[in-house]
Every structure is written in C-alpha cells, then in structure tokens.
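Presented below is the structure to which this report refers.
The values are calculated or read from the model by the stated rules, or taken from the named source; none is laboratory data. Just so we're clear, the structure is a prediction, and the values are computed from it rather than from any experiment. Cβ placement follows ideal geometry from the backbone for every residue including glycine, while neighbour counts extend to all protein chains displayed. Only protein heavy atoms, including side chains, enter the accessible area calculation; ligands, DNA and RNA are left aside. Shrake-Rupley method; radii C 1.70, N 1.55, O 1.52, S 1.80 Å.
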Amino acid sequence: MKRLQKKYIQAAVLSAACGLLLCACAAKTVLDDIDRYGGENVPQQEGLSAVQQALELLPEPLIRVGFVQVGHESDWRIAATKSCMEVFSEENGYELLFVDADNDPQVQVQAVRNFIKEQVDYIVIDPIVTTGWTAVLKEAYHAHIPVIILDRTIDCMEKYYAAWFGSDFVREGEWAGQWLQNYLSSQGRGAQSIRIVTINGTQGASAQLGRTEGFARYLERNDNWELLAQECGDFTESGGREVMERYLEQYPDIDVVVCQNDNEALGACAAMEEAGISYGIDGDVIVLSFDATRAGLEAVLEGKIHADFECNPLSPPYAAEAIRRLEAGETLEQKHYYLPEDCFSAEESPMTLMVGFESKRMVTVTRELLEQRVY
Ligand code: GYE
C-alpha cells in the first residue's frame, strides 16, 4: 500500500512538473501563434494526452530493501548472502541496502535504525542473537515499514514483524541425537559409555540454542552418554579448530564431537589430524555436523564427517515472495515458515530417523549429488 501511494505521489509530482513545463511551452507557443496568426484561428494544444502517455511509460519505482546480515563467518553464510544479492537485484526490481554486521549485534540494531531513517520499503533481518530487538522493531512498526526475519529467530512480540523464514533448529539437534543413538546401537555400542564434546555456535544465536536443546534431549535419554564439555567455536573454522585443540589436551578419550556447523567441523578435523587422532568412518572419533554445505558434504563423502544435518541457507527467495504478496495487498497466512531440509551420511543403506511423529530417511552423499547442489 505504502509503495503504491509512493508511485501515485511520484506520478502526481511528475504530472505537475510536466504540466508546468507544458504551460510554459504552451504560453510561449500561444504568444508565437498570436504573432503568427494575428490572434485569429489559434490551433488547440494537445499537451495533456502526452503527459498521460509519459506517465504510462514511467518505470516501476525500485522496491527499497534494507538487509542486515549476520556476517561472513561460514560457508553457509556466504551462500545466504549470495542468494540475497541475486534475489534483491536491480534487475528484479529492487534497490538493496546491504549491511554485513560482522557478528556484532549492536551494528545490526544500528543498521535497522538507519534503514528506518532512510525510509526503505522493507527491512530484512538475519539476527545474530535472539535478544535486543523489541525497541528497534517497534520503531520500524510505527514507521510502517514491514520487517521480515530470516534464519535465526528473535524474542519479540510477533506483531512487530511480518514473517519469519528459517529452520527448525531444535529438530536439527534431535535428528543428530537420534542418528547417533541408532548408529551406536548398529555398532553394538548402544550400552557402552560414550564420551561426547560439543563445539557450539555463537552464544545466544537461536541456531546454537536450538541445536543444543534438541541434542540435549538425547543426552537425557541415554544414561551412558557423558557430555564432557561444550565450548563456543563461533561458527567459524578457526574457532572449531581452537576449541578442538583444547579438548584434545584435556580429554584423552573422546568418542564423539558434535560441531554446530560445517566450518567448525572442518576446523575440528584439522586439529585431530594435526594431533594424530584417528577420526571419521574408519577412525575412532565420530564427527557430527550441521549445515550440509558443499564443503561439509565433501567431508562426508571422504568419510571424515559421519553425518551432516542440513540447514537451508536459501531463505532470501522466500522473503522476496513475501514482499511480492505484501505489495499485492495480500496478507501472509502464517507468521513462521520452516524451510525444507535433509539429513546426510555416506552410508550405503541409509537409516530412517524418527523424531516425534516425523520420520526422515538419511540421504546418501554421492559425487553426483554434490555436483547438483546449489550451495
Ligand atoms: O549454521 C552457520 C552460520 O544461523 C543457521 O549460522 C545459521 C548458522 C549456520 O554461520 O553456519
């Protein structure tokens, strides 16, 4: 609605400007014609229909979108940013104001305030942490700028944003727990004592909170599983590597490392390689990961990562579809939308997982599958 009004205002301003210009031209022509015709049989001006025609030719104004991204900490994030740039291109009718917050929550809030000041048409936020959003989203709400949240969730009253598109992070953690439980029993280790370390994502990010919560449900169910430590690797490769190096010094008998994203997992694998620890399908330490990016799935195919639980980074097209609907004056029928996701392993006969009343068959990673993947 707001943008339609804008277009009408733009048309009105242009029409008024054209009108003035034509009046000026017309005045001059009339005077010329009076000279020429001596005030007799002055021809009629046909200017107004030309104005209407000019208005018809006016291009649709670009939709101005302010997008604040978490940062560039992982392959997953790079894929999400690439998707944002492709979707909100000028070619597609958008003017994109993009801010990379480099993992600083305050930069994100400030970016949103600037978008409001800039009077963008829509604000898209991929929040670093869940907290600290209410005040600035209220400001956007009162400025009548619809806000769309992608990926991680926020703690804020639902009326302050139009929609959220992302992943069920708790469920992702549960898939990982269920897979480990099934895998250990398939190896005859169902009752053995299992020592687990986790490398968590950015503290306070809903992806970290959800995956931790989902996996914790399986820690509770399996008395023989012991959680030795859970430190933050900040979703980065260097973070994963540093944390794993510390774990290897402190805990000699690690059975499982759960990494909350692929970059951390790659860092953990590098640390184990350097320390001469055997890991992966033919080794001692079981490695689990989340995201299922190309690099992560390559490591699954190589037998370094046992199983990888997908997190879909392609939410920007959903945001664009939401904007299209809002532009058309439609209402979005839901507030929260989950993206489609799979679970991957290199097993030839993949297992079927069951969590709650949802079942999911693990997808076997092959070279062909990797070649077809978008990210
Ligand atoms: O798992 C990680 C990224 O929020 C789901 O953030 C996202 C996470 C993803 O940096 O790789």
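Miscellaneous remarks
- Here r is the Cβ-Cβ distance between Gln52 and Glu90 and R0 is 22 Å; the resulting FRET efficiency, rounded to 0.05, is 0.20.
- With K and R counted +1 and D and E -1, the other residues having a Cβ less than 13 Å from that of Asn182 yield a net charge of +2.
- The coefficient of translational diffusion for the chain, derived via Stokes-Einstein from the alpha carbon Kirkwood radius under 37 °C and 0.692 mPa s, stands at 139 µm²/s.
- Accessible area in the full protein assembly, largest first, 1.4 Å probe, for Glu298, Glu86, Glu139: Glu86, Glu139, Glu298
- As a calculated quantity, the FRET efficiency between Asn114 and Arg195 at R0 = 41 Å, using C-beta atoms, amounts to about 0.30.
- Size of electric dipole in the chain: Cβ of Lys, Arg +1 and of Asp, Glu -1, about Cα centre, debye, nearest 20: 1240
- Sequence-separation-based contact order of the chain, relative, with Cα cut under 8 Å and 6+ spacing, percent: 14
- Our estimate of slack between Glu302 and Ile277, defined as 0.36 nm per intervening residue step minus the Cα-Cα distance, is 7.4 nm.
- Per-atom-type breakdown for the chain gives carbon and sulfur 52% of the accessible area (1.4 Å probe, protein chains only).
- Straight-distance crosslink candidates among aspartates and glutamates, where the alpha carbon sits under 20 Å from Lys335 and sequence neighbours closer than 8 are dropped: Asp121, Asp126, Glu139, Asp151, Asp155, Glu158, Asp168, Glu321, Glu327
- For the pair the stretch 118-174 / the stretch 231-254, the C-alpha centres are spaced 32 Å from each other.
- Global geometry of the stretch 213-313, whether rounded, prolate or oblate, following the gyration tensor of its Cα atoms and the 1.5 cut on a/c: rounded
- Positive-pole candidate from Ala135, Ala205, Ser315, dipole of the chain, charges at beta carbon: Ala135
- Label-point separation in nm, Tyr251 to His142, each point 7 Å along Cα→Cβ: 4.9
- Hypothetical label at Thr366: residues of the stretch 327-360 whose amide nitrogen lies under 15 Å (7 Å Cα-Cβ projection): 345-350
- For the stretch 63-105: rounded, prolate or oblate by the Cα gyration tensor [a/c cutoff 1.5]: oblate
- Degrees between helix 206-221 axis and first principal axis of the chain (Cα, 0 to 90, nearest 10): 30
- Too-long pairs where the Cα-Cα distance tops 23 Å, listed order kept, from Lys82/Lys304; Lys117/Lys138; Lys159/Lys360: Lys82/Lys304; Lys159/Lys360
- Taking each residue as 0.36 nm, the span from Leu227 to Glu330 lengthens on full extension beyond its C-alpha to C-alpha distance by 32.2 nm.
- For the stretch 76-127, the fraction of C-alpha pairs more than 15 angstrom apart is 50%.
- From helices alone, the chain scores -14500 deg cm²/dmol at 222 nm; the rule is -39500 (n - 2.57) for each run of n ≥ 4 DSSP H residues, then divide by the residue total.
- For the stretch 112-155, taking the reciprocal of the average inverse distance between every pair of different Cα atoms yields a Kirkwood hydrodynamic radius of 10.6 Å.
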